[in-house]
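Asks: Before we start, here is the structure in question, set down as structure tokens.
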Amino acid sequence: MQKIVADANIIFAAIIREGITRRILFCDNLLIYVPEHIFVEIEKYRDEMILKTGKSDDAFEIFMSKLFRLVMPVPFLEFCECMPHARKICPDK
């Protein structure tokens with residue numbers, strides 16, 4: 001199983017539009033780690049995302065429940081511990 005880390009921008013992109021980002025996130029052999037605060041961010045922008053997707057509240061909730069089953073939340077401190085290694089193998093340029 002392949003493991004990736006996705007930030008809020010990646011998750012929001014998959015929520016808002018159908019495309020390559022969404023297709024990748026819904027691959028069967030993928031384990032997706034996300035910061036645990038992402039759920040707060042999603043709730044904060046929920047109404048805006050519903051407007052952008054054109055989904056009903058019920059359809060949005062169904063989609064979100066499918067997405068939430070795919071991701072593994074990670075506490076912020078664990079992310080911090082891994083940042084030096086992450087920057088080494090994938091520098092942000």
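Asks: Could you report the chain's accessible area per residue, 1.4 Å probe, as an integer in Å²?
Replies: In whole numbers, the chain has 73 Å² accessible per residue.
Asks: Let me ask something additional. Work out, step by step, the length gained on full extension between M83 and T53: first 0.36 nm times the residue separation, then minus their alpha carbon distance; give nm to one decimal.
Replies: 7.5 nm
Asks: What nm value, rounded to one decimal, do you get for the distance between I24 and D92 when each label is placed 7 Å out toward the C-beta?
Replies: Distance between label points: 1.7 nm.
Asks: Does segment 13-93 come out rounded, prolate or oblate by the C-alpha gyration tensor, with a ≥ b ≥ c the root eigenvalues, rounded set by a/c under 1.5 and, if not, prolate when a/b is larger than b/c and oblate if not?
Replies: prolate
Asks: Next question. Under 14 Å from the Cβ of P75, count the other residues' Cβ atoms, weight Lys and Arg +1, Asp and Glu -1, and hand me the total.
Replies: Once positives and negatives cancel, what remains is -3.
Asks: Also: Can you give me the % of accessible surface on the chain that is carbon or sulfur? Probe 1.4 Å, all protein chains present, nothing else counted.
Replies: 58 percent
Asks: By how many nm would the segment from M72 to R46 grow when fully extended, if each residue of separation counts as 0.36 nm and the alpha-carbon distance is taken off?
Replies: Computed gain between M72 and R46 is 7.4 nm.
Asks: A further question follows. Report the charge-dipole magnitude of the chain in Debye, nearest 20, computed about the Cα centre from +1 at each Lys and Arg Cβ and -1 at each Asp and Glu Cβ.
Replies: 420 debye
Asks: While we're on this one: What does the highest-first list of 26-32, 60-66, 12-18 look like by mean Cβ count within 10 Å?
Replies: Per-residue mean Cβ counts within 10 Å order the peptides as 12-18, 60-66, 26-32.
Asks: Rounded to the nearest 0.05, what FRET efficiency do F63 and Q2 have when you use their Cβ-Cβ distance and R0 = 22 Å?
Replies: After rounding, the FRET efficiency stands at 0.45.
The values are calculated or read from the model by the stated rules, or taken from the named source; none is laboratory data. Only a predicted model underlies this, so the values are computations on that prediction, with no experimental measurement involved. All Cβ positions, even for glycine, are placed from backbone atoms using ideal geometry, and neighbour counts span all protein chains on display. Just the protein is used for accessible areas: all its heavy atoms, side chains included, with ligands, DNA and RNA removed. Shrake-Rupley method; radii C 1.70, N 1.55, O 1.52, S 1.80 Å.
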